[in-house]
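Have a look at the structure below, then the notes.
Nothing in this text is a laboratory measurement; each read-out follows from the coordinates by a stated rule. These figures come from a predicted structure and were not determined experimentally. Here the Cβ is made from the backbone with ideal geometry for all residues, glycine too, and neighbour counts use every protein chain on show.
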Ligand code: FES
């Protein structure tokens, strides 16, 4: 897959659908046309604003176009050298996240504290497992969120640790909605 990526790009995103082979990722060069792997479905194009290399090195915010993410899908972006997930949650996934008793959580945090008010559909989280840093697989695991295959951590649809060795939830970075369909990530969560 790596050989199909456009060269000379600095930020990449991947799209993961809720249907089909969930291990299939499409890597999209920022602002470039999509490179679609053999046998892959037609994936939507993810548009991002692409600051130049110097700006990225300085840690500039990054903007994400949510309109390009299909319902129930997610993208993975790389920003400041670290991966993040942006997930469009289904109504069932939101309900599952909201209905959890805090006493059932290892790292208790209500779903409402992990999303922006009025935007519960969108979950934005760091994509490094809080155990030893692997990148979990989306739409997998016992709780329908993410599963980390390295040592078996299960995260729910709010990115909270539910089972396995990871000690804490997948952190939520600092971000804001600049429109209904666009967010700006401005800072990593303290624990990333
Ligand atoms: S790195 Fe994820 S469970 Fe160990």
* To do: Round to a whole angstrom and tell me the spacing of the C-alpha centers of region 75-100 and region 127-179.
  => 9
* Structure fact -> Computed over region 48-187, the relative contact order (Cα-Cα under 8 Å, seq sep at least six) in percent reads 22
* Structure fact -> Rounded to the angstrom and largest first, Cα extents along the principal axes for region 48-187 equal 43, 32, 23
* Asked: What is the gain in length, in nm to one decimal, between residue 163 and residue 82 on full extension, counting 0.36 nm per residue of separation less the C-alpha to C-alpha distance?
  -> 26.8 nm
* Structure fact -> By the mean-Cβ-within-10 Å protection proxy, highest first, 104-111, 63-70 rank as 63-70, 104-111
* Mind giving me the nanometre distance, one decimal, between the label points for residue 98 and residue 174, set 7 Å out from Cα along Cα→Cβ? => 2.9
